[in-house]
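What follows is calculated from the coordinates using simple rules that are stated; it is not laboratory data. This structure is a prediction, so every number in the text was calculated from the model and none was measured. Heads up, the Cβs are rebuilt from the backbone with ideal geometry, glycines too, and the neighbour counts pull from every protein chain shown.
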Amino acid sequence: MRITITCEECGRRHRLERAVGEPGAIWIICHDCELPLRAVLEQTVSAVPAAPVVSERFRDTWAGTLDISSSATATS
């Protein structure tokens, strides 16, 4: 993930490339004015895969032919 943090004091832009495991704060020190900079990474709704919605009519129609279980292993 590429992150750009701009120092509000001096305006210098800092580019970081690091792996982020979960949302949260990232702290760095500005190279020009040496102030601490904080970036908050938030998890967006689109980043979480949505569960497929299976209608009851579809389920009733295909129940004898397809395995429409809710487990993730049934699709792999």
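Close amide-amide hydrogen proximity is noted between ARG12 and CYS7, each under 5 Å apart and 5 or more residues distant or on a separate chain (H modeled in the peptide plane; Pro and chain starts excluded).
A simple spin-label model places the labels of TRP27 and ALA39 1.7 nm from each other, with each point 7 Å out along Cα-to-Cβ. Taking θ as phi - 60° and the Karplus parameters 6.51, -1.76 and 1.60, the scalar couplings of the range 14-28 work out to 10, 10, 10, 10, 8, 7, 10, x, 7, x, x, 8, 10, 10, 9 Hz in sequence order, x denoting glycine and proline.
If amide H atoms are built 1.01 Å from N in the plane of the peptide, which residues on other chains or at least 5 residues away come under 5 Å of the amide H of LEU41? The list, which skips near neighbours in sequence, is GLY24, ALA25, ILE26.
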